[in-house]
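Note sheet for the following structure.
Coordinate-derived values only; no laboratory data. No experiment lies behind these values; they were computed from the predicted model shown. With ideal geometry, Cβ positions are generated from the backbone for all residues, glycine too; neighbour counts draw on all protein chains shown.
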Amino acid sequence: MEHDIDPIETQEWLDALASVLREEGNDRAQFLLKRLSDEVSSSGEDVPFAINTPFRNTIRLDEEPKYPGDNELERKIRAMIRWNAVAMVVRANKSGDDLGGHISSFQSSATLYDIGFNHFWRAPTATHPGDMVYFQGHIAPGIYARSFVEGRLTEEQLDNFRREVDGKGLSSYPHPWLMPDYWQFPTVSMGLGPIQAIYQAHVMRYLENHEKIEKGGRVWAFLGDGEMDEPESLGAISLAGREHLDNLNFVINCNLQRLDGPVRGNGKIVQELEGMFRGAGWNVVKVIWGRHWDKLFAADKKGLLQKRMDEVVDGELQAYKSHGGAYTREHFFGKYPELAELVKDLSDEDIYRLNRGGHDPYKVYAAFQKAVSDNNGQPTVILAHTVKGYGIEAGEAKNMTHSLKKLSVDDLKTFRDRCGVPISDEDLEAGKIPFYRPSENSPEMQYIRNHRNNLGGYLPMRRAKAEDKLEVPTLEDFSAVTKDSGDREISTTMAFNRVLTQLLKDKKIGNRIVPIVPDEARTFGMEGMFRQFGIYSPWGQTYIPQDKNQVMWYKEDVKGQILQEGINESGAMSSWIAAATAYSTYNYQLVPFYVYYSMFGFQRIGDLAWASGDLQARGFLIGATSGRTTLNGEGLQHQDGHSHILAGTIPNCVTYDCSYGYELATIVQDGLKRMVEDQENVFYYITTLNENYQHPGLVDDKMADGIKKGMYLLEDGVKKGKKTVQLMGSGSIMQEVRAAAEMLRDNWGVQVDVWAVTSYNELTREALDADRENLLNPEAKPRESYVTEVMKGRRGPVISASDYMKNYANQIRKWVPQEYHVLGTDGFGRSDSRAQLRHFFEVDRNWITVAALKALADEGTIEAKEVTAAFEKLGLDTNKPNPVTV
């Protein structure tokens, strides 16, 4: 019912509520309102539901804290930073190289960053862990401009913005790989900043609860309103609310525009986001209007101004700023005569300068202060209403402003005047566009120095190595896994669990190991770890689990070591990233093992995996139940035949496909040494299987060296004779390769060497490096690739078979001295038994056998009719359709 049938009664209720608020406070008012709501609900009636507050500032004027800074000095500092940010981008685009860059995003958010730098963000010190800031990617020019003013970056570096090849430049966006001492987090792939920030706060709280780091650090994520349409941006906000992550603040720059036009032209993005975050248990602080509006709100006794604010849509708000004061007077205030009367004494210029909240340092400071000191133990989102391209006449609030990177001389003069920097007309007319930094003894520089020193130092900054030195187990320590399994049949996933359990119990690094699973621990046989090591929960376990009387009961604990992230690969990967970069962010090395269905790794979270490389993450990704045919019965969406191909695209991702436990133990130990002891910036992807068979043992150091390099001789079967072949196998197909070798020996008299290939990717990288070295040193003795080195002199054609697409093994073709033939699992997976699947994809022992015989026929060692006879003997249909087409 919208019509008020009894205004007097309504006013009595409102007066009573006002009295409670005045005399007893907000908590009492909330209690009474909840009781009333409960009473209505118990009667069976619908309760009016409203998750939004009016379109105005959350913090009332009388609630704003006293501003602690010198506003005039801060305005001057902010103006010179804004000028330098624009000058850098415009200068970069004068060369004709079309380097691009973004001007407008930072101009809309300069005040937001300024308040953070001046008053809130602490650098890490001996007594404080420091704050982590996820800077919105497109505003990078503004952060460089501040660092230039601070003296951390030179004019030469600013002049090499987006010119990185020669090593003097600045990256286009935040990229730790390219600026390893500066940027902490890559954020410009939209949506990755928000979800990583949430899980960073989650892992921070995990470490605090384990008493591994000091409390006090905060995570700040700066986001755009358009970015919030990415599923990753909002997909994990319930976790932050559920876990009461009051160490997390989102600041969303609501300039109402994305790349092409309005974010919500026909709606209100601020109100939409408020509803989502309030529903997820966040504090929402709206910073809508600046202090120039305060007098108007105070003079509006009938609430018409608020009514007009609530009904206007974002497309109109954008137009008001773009078209100026007169347009705003007519179309905003002019709708109601009372509002027109309210602004009759204001000039059009006055109306134009009615500022939005995100540009008002007093309003922004109040919001930030509330986020850190009055957050009710919940995460906070600050929705800051701003203008895209603020202050730039050529692009302010215009649809094209995101792409703006060049300004005319007149536009530069106008912007210079607005910033108040001492740049002459002559310089601008001559095309110089100078940067500006005041003298070191100026009040502005002293202000910057004092404030940053009080906050512990300068940001952004990144720690390249952890100070702690750790010792990892030796390979001999894993002897239980590296020895022959005897008659016992096990899977490589079982072998991995033994390795992981041993590491968790290790006295030197056991407390650094972080197992991470996305609700599949039982699938991978990891449920035995629940009771032993516990599942992390910030509340502990407030219930008696159903399986408490069982040995492997589901144990949740504040100090639980396992991160069980639910059916949520993006979230689990974000937790892994936070743990894998703890050496840098917390100066505390962790060794995360993220275990998941291999199909739901790089294919699902490829953008996060790429970001892991940029972040220089260190840890292990374990792609369990890997291969196209080993996960029998599951089908097309589960069966992985290409994750190693995807993993191979990331330069610092080291990948292995293991067949045996001793291979896995060797690789894990090597990874620990490289990443933990040596602090090398690589991370490992290892695939494991759920198929049981007998495992041989590790023979010697030569075999271990070959495992790490990517291949080694498993069966040395070629002696004398003409009929010889070389078989290569890996992962789940190794058993088929060894069976085919036996068939070839017993039934066709062919001598066979069997090679175990643990990584076609690592073999390829080493070979490409050798090729490059030879190119650069034309007069030196050519370096042989490892593949060529171990295969030269070996007799017979080579047949490679894997459970992956043929492209995976085809990578090494150039460096194999012999004729090289590849079998693989190209095509879509499907449900069936392993035997049927391997026959379907033509990688089982029978198909390997006929491939070897055909290769011998091609080189003239046997006659072609022997191959035909083999097809008939093995019952293979030569008219069988290509698996790719079925």
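A few points about this structure:
- For Ile513, the residues 5 or more places off, or on other chains, whose built amide H falls under 5 Å of its own are Val591.
- Set of the range 340-372 residues, backbone N closer than 18 Å to the point 7 Å along the Cα-Cβ line of Glu72: 361-362
- At most 14 other Cβ within 10 Å, DSSP loop - GluC sites (Glu not before Pro), the range 463-550: Glu467, Glu471
- Mean separation of Cα contacts under 8 Å (6+ apart) over length of the chain, as relative contact order %: 11
- FRET efficiency, 1/(1 + (r/R0)^6) with R0 30 Å, evaluated for Asn266 and Ser408 via beta carbons: 0.35
- If only the Cβ of Lys and Arg carry +1 and only the Cβ of Asp and Glu carry -1, the dipole of the chain around its Cα centre is close to 1600 debye.
- Hull-based mean projected area of the range 8-49, where the convex hull spans the alpha carbons, in square nanometres: 3.3
- A simple charge model with +1 on the Cβ of Lys and Arg, -1 on the Cβ of Asp and Glu and nothing else charged puts the dipole of the range 827-885 at about 280 debye relative to its Cα centre.
- Candidates per trypsin sites (Lys or Arg not before Pro) in the range 761-814, loop by DSSP, up to 13 other Cβ within 10 Å: Lys792
- Matching label, volume of the Cα convex hull per residue in Å³ computed from the structure shown, candidates (1) 382; (2) 221; (3) 240: (2)
- Signed unit charges on C-beta, dipole axis of the chain, positive-most listed residue Gln136, Ser347, Leu503: Leu503
- Couplings 3J(HN,Hα) of the range 579-585, computed from phi: 6, 6, 10, 4, 4, 8, 6 Hz, in residue order, whole Hz [Karplus 6.51 cos²θ - 1.76 cosθ + 1.60, θ = phi - 60°; x for Gly and Pro].
- Dimensionless Rg ratio for the range 712-885, taking C-alpha atoms and the 2.2 N^0.38 Å reference: 1.08
- Cα centroid separation, the range 96-139 to the range 332-388: 22 Å.
- Modelled FRET efficiency - R0 30 Å, Asp487 with Ala739, Cβ distances, 0.05 increments: 0.95
- Label-point separation in nm, Asp38 to Ala326, each point 7 Å along Cα→Cβ: 6.0
- Taken about its Cα centre, the range 621-680 carries a charge dipole of roughly 120 debye when the Cβ of each Lys and Arg holds +1 and the Cβ of each Asp and Glu holds -1.
- Label point distance in nm, Asn454-Glu866, each placed 7 Å from Cα along Cα→Cβ: 8.8
- Mean-position separation - Cα centroids, the range 718-735 and the range 529-561, in angstrom: 48
- Amide N of the range 433-473 lying under 13 Å from the label point, which is placed 7 angstrom from the Cα of Lys508 along Cα→Cβ: 469-473
- Within the range 570-602, backbone nitrogen closer than 13 Å to the virtual label 7 Å beyond the Cα of Arg242 toward Cβ: 571-572
- Principal-axis analysis of the Cα atoms of the chain puts helix 734-748 at an angle of about 20° to the longest axis.
- Fraction of beta bridges assigned by DSSP in the chain that are antiparallel (%, nearest 5): 10
- Gap separating the Cα centres of the range 583-617 and the range 662-715, nearest whole Å: 19
- Taking the longest Cα principal axis of the chain as reference, the axis of helix 443-454 is set at about 50 degrees.
- Helix 845-858 axis, angle to the chain major axis (alpha carbon atoms, nearest 10°): 70
- Net length gained if the chain between Thr878 and Leu304 were fully extended (0.36 nm per residue, minus Cα distance): 198.4 nm
- DSSP-assigned coil residues among GluC sites (Glu not before Pro) in the range 6-86, each with at most 11 further Cβ atoms within 10 Å: Glu45
- Whole-Hz Karplus values for the range 333-350 come out as 6, x, 5, 10, x, 5, 6, 4, 5, 4, 10, 5, 8, 8, 6, 4, 5, 4 Hz, taken residue by residue from phi with 6.51 cos²θ - 1.76 cosθ + 1.60 and θ = phi - 60°; glycine and proline positions read x.
- Counting all C-alpha pairs of the range 735-816, share separated by more than 14 Å (%): 69
- Under 5 Å from the amide H of Gln257 lie the amide H atoms of Val263, each residue being 5 or more positions distant or on a separate chain, with H modelled from the backbone and absent for Pro and chain starts.
- Mean projection area, nm², convex hull over Cα of the range 475-694: 12.4
- By other beta-carbon atoms within 10 Å, ranking Met204, Met552, Met190 with the fewest at the front produces Met552, Met190, Met204.
- Trp539 versus Glu338: modelled label distance in nm, points set 7 Å from Cα along the beta carbon direction: 4.6
- With R₀ set to 60 Å, the beta-carbon distance separating Glu779 from Gln694 gives a calculated FRET efficiency near 0.70.
- In a fully extended conformation the segment linking Lys792 and Asn747 would gain 13.5 nm over its present Cα-Cα distance, using 0.36 nm per residue.
- For Val654, residues with placed amide H under 5 Å, excluding near neighbours: Phe683, Tyr684, Tyr685
- Net lengthening on full extension, Glu634/Ser833 (0.36 nm per residue, minus Cα-Cα): 70.7 nm
- Positive-pole candidate from Gly431, Met190, Leu698, dipole of the chain, charges at beta carbon: Leu698
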